[in-house]
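Peer 1: Handing you a structure now.
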């Protein structure tokens, strides 16, 4: 895989439409690209929507940590 794609979303662990679209897009793009999915903040420990094991997922900030 030569090209890389990064999808950044403020929050990814809610059950909203934007989160669903971002995860679905990331899952689909893994067929041709290396995909990184980045959430800026989080409320829960797990994503609401299932993520492909090929998607590299990370968070920048966790509200639960003080």
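Read the figures in this text as sums done on the coordinates, not as results from a lab. Nothing here was measured: the structure is a model prediction, and the numbers come from that model. When we count neighbours, we look across all protein chains shown, and the Cβ atoms used for this are built from the backbone with ideal geometry, even at glycine.
Peer 1: What's the extension gain from residue 8 to residue 40 if we count 0.36 nm per residue and subtract their Cα-Cα distance?
Peer 2: Between residue 8 and residue 40, full extension yields an extra 10.8 nm.
Peer 1: How far apart, in nm, are the 7 Å Cα→Cβ label points at residue 58 and residue 33?
Peer 2: The answer from the label model is 1.8 nm.
Peer 1: How much mean residue ellipticity at 222 nm does the chain get from its helices, if each DSSP H run of length 4 or more adds -39500 (n - 2.57) and you divide by all residues, to the nearest 500 deg cm²/dmol?
Peer 2: -6000 deg cm²/dmol
Peer 1: Among 34, 28, 19, what is the fewest-to-most ranking by other Cβ atoms within 10 Å?
Peer 2: Ranked by crowding around the Cβ, least crowded first: 28, 34, 19.
Peer 1: Moving to a separate point now. Taking the Cα atoms only, what angle lies between the long axis of helix 17-29 and the longest principal axis of the chain, rounded to 10 degrees?
Peer 2: 30 degrees
Peer 1: Based on C-alpha coordinates, I'd like the Rg and Dmax of the chain, in Å.
Peer 2: Values for the chain (Cα only, Rg and Dmax): 11.7, 39 Å.
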